[in-house]
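Participant: Sharing a structure here in structure tokens format.
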Amino acid sequence: MFDKVLVANRGEIAVRVIRTLREMGIRSVAVYSDADRAALHVRMADEAWPIGPAPSRESYLVIDRIIDACRKSGARAVHPGYGFLSENAAFARALEAADVTLIGPPASAMEAMGYKTTARARMMEAGVPVVPGATIADARELSRVAAEIGYPVMLKAAGGGGGKGMRLVESAADLAAGYERARSEAMKAFGDDTVYVEKAIVRPRHIEIQVLADRYGETVHLFERDCSIQRRHQKVLEETPTPSPARTPERIAEMGAVAVRAAKAVGYVSAGTVELLMAEDGSFYFLEMNTRLQVEHPITELITGIDLVREQVRIAAGEPLGYAQGDVVARGHAIQCRVYAEDPATNFLPSPGRIEVLRTPSGPGVRDDSGAYEGCEISSYYDPLVSKLCVWAPTRAQAIERMRRALSEYVVAGIETNLPFHLALLREPEFVAGDYDTGFIARHEATLLTRGHAGEARHAMTLGAAIAQAYRDHDDAKRAARPAASNGPAMSPWRMAALAKL
Ligand code: MV4
């Protein structure tokens, strides 16, 4: 087992990985940019190394800087988190050359799944269902294929992804114009006007299956996550199990088996996620595979009791999983709300700045994976994710109640957040009924942003901020009453320990 692991990331995921390393008795190495000198992950790691200026492309994305920090710290392995270099095959190869273990998949699996069209071909060979469609050479072939698969159809740029370069065509009459526009947009955006056509899945759900594979071929799935609540292809809220009426134990077992097959087809190792599109009738199709740990992994941990980071570290150290599919059981319901420093009143523009007051929720069934602390700076250089608020409860109805309660306890002052949006979302009847699809937020955004919901949430937060201020006044009063010697700022043991480390 490794005695020291470098976490090549920042924010909440770096803190989260450091926590599991500590539980395993493994020393953690943080890396930080100039903007992250006082960041929580730096304070919590056993040691920390600077890797450059604030912009990611000059720090967290610089392979040589990360390798150099491994050399200086003596770290024998690297956990990449998500984003940054986590799916970068060149990084995986550079670590291999430096005799440092990547806690993640082999570079070959990253490459096999990285190019969407080759991934699609590989999946078809492996008997994984993909959306009916084809790459097309010209307008004549397009109209033949479109007629074959039936309207509506979706035109997609081969060089695209994440929803960019997609165009829905409802009927044959709109096809030619749609094709020309799709091609010119693809050329402009990706420098490649290759377009392919698929049957459009109407009102789809975005269902992803968590997989875990060791080095010896043992591959299991850890059930599904419903990620359909997205705003402009950015996930906002995720839950497990999916509330879809099409969910049956048999269908989940089938989707899980398909995900395991997809992983085995590319020799996958470590934690990975197979993304599926599920139609209202329950039919499902491979979209892509994410060769990294995902932001929303905690809800899978909450229903299975499995620590995915711990399993990744064990697998990277050459240990077998030690259990088979039949041993993986899930219980209850979990929801994750992504708490962003974004202002719903300004069309979700980032709201960087200093967090003046921070009171995070806790209590039964609440987990808040955070990279923030009261007084920290939310930087404009990075993704404005403050934390992921997760709840677990025996049923979905109770999980929704619990999430509402947790959100109402969450007090942030000094920056704006999307907390009011989450509160409004959890009151939306279509969400509560579980009858939603990827178009949910687009359909309800206006009502979700109305003052009523936000006003209610703001009221709760104002109240919370007042309470927080009262606490601080009380602390100040207590301190003032103390003898002069200890008049400095109240030093919590944690803070003293953290400062001592710097
Ligand atoms: C689709 C689709 C419907 N039919 N393909 C969007 C991102 C990219 N990964 C694939 N996406 C879609 N592909 C067919 N044939 C609907 C979407 C889609 C979507 C998919 C998953 C999550 C959110 C989405 C939001 C809008 C559209």
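Participant: Answer with yes or no whether A182 is touching a Lys or Arg at 6+ places or on another chain (Cβ under 9 Å), of a type outside the set (D, E) and surrounded by fewer than 21 Cβ atoms within 10 Å (Cβ to Cβ).
Facilitator: no
Participant: What are the pairs, 6+ residues apart or on separate chains, where a residue within the range 261-289 that is basic (K, R) has its Cβ under 7 Å from a residue that is more than 16 Å from the ligand (Cβ to nearest atom)?
Facilitator: Taking only residues 6 or more apart or on different chains, the pairs are R261/A126; R261/G127; K264/T219.
Participant: Just the residues that are in a loop (DSSP other than H, G, I, E, B) and either buried (at least 20 other Cβ atoms within 10 Å of the Cβ) or aliphatic (A, V, I, L, M) (or both), please, taken from the range 312-324.
Facilitator: Of everything in the range 312-324, those that are in a loop (DSSP other than H, G, I, E, B) and either buried (at least 20 other Cβ atoms within 10 Å of the Cβ) or aliphatic (A, V, I, L, M) (or both) turn out to be A317, L321, A324.
Participant: Considering only residues of the range 120-144 that are within 16 Å of the ligand (Cβ to nearest atom) and surrounded by fewer than 18 Cβ atoms within 10 Å (Cβ to Cβ), which is modelled with the lowest pLDDT?
Facilitator: This residue is T135.
Participant: Select from the range 79-113 the residues that are more than 15 Å from T291 (Cβ to Cβ) and in contact (Cβ under 8 Å) with a residue 12 or more places away in the chain and list them in ascending order.
Facilitator: Residues satisfying the conditions are A94, A98, V100, T101.
Participant: So, of the residues in the range 287-311 that are charged (D, E, K, R), in a loop (DSSP other than H, G, I, E, B) and out of contact with any helix residue (DSSP H, G or I) (no Cβ under 8 Å at 6 or more places or on another chain), which turns out to be nearest to the ligand (Cβ to nearest atom)?
Facilitator: The residue in question is E296.
Participant: R93 fails exactly one of the following numbered conditions: (1) assigned by TED's automatic domain parsing to the domain that holds T20; (2) farther than 18 Å from V269 by Cα. What is the number of that condition?
Facilitator: (2)
Participant: Do we have A14 as open to solvent by less than 60 Å² (accessible area, probe 1.4 Å), touching a Phe, Trp or Tyr at 6+ places or on another chain (Cβ under 7 Å) and touching a residue at least 60 places away in the same chain (Cβ under 8 Å) here?
Facilitator: Against the criterion (open to solvent by less than 60 Å² (accessible area, probe 1.4 Å), touching a Phe, Trp or Tyr at 6+ places or on another chain (Cβ under 7 Å) and touching a residue at least 60 places away in the same chain (Cβ under 8 Å)), A14 does not qualify.
Participant: Related question: Does the range 429-442 contain any residue that is in a loop (DSSP other than H, G, I, E, B), open to solvent by less than 40 Å² (accessible area, probe 1.4 Å), within 16 Å of the ligand (Cβ to nearest atom) and farther than 22 Å from H297 by Cα?
Facilitator: Yes, the range 429-442 has at least one match.
Participant: So in the range 114-161, with the set limited to residues that are free of Cβ contacts under 8 Å to residues at least 24 places away in the same chain and not assigned by TED's automatic domain parsing to the domain that holds G191, which one is nearest to L277 (Cα to Cα)?
Facilitator: Result: M124.
The values are calculated or read from the model by the stated rules, or taken from the named source; none is laboratory data. Just so you know, these numbers come straight off a predicted model, no measurement behind them. Don't worry about glycine lacking a Cβ; one is built from the backbone with ideal geometry, like all the others, and counts go over all protein chains shown. When the accessible area is computed, the model is the full protein with side chains, heavy atoms only, and any ligands, DNA or RNA have been set aside. Shrake-Rupley method; radii C 1.70, N 1.55, O 1.52, S 1.80 Å.
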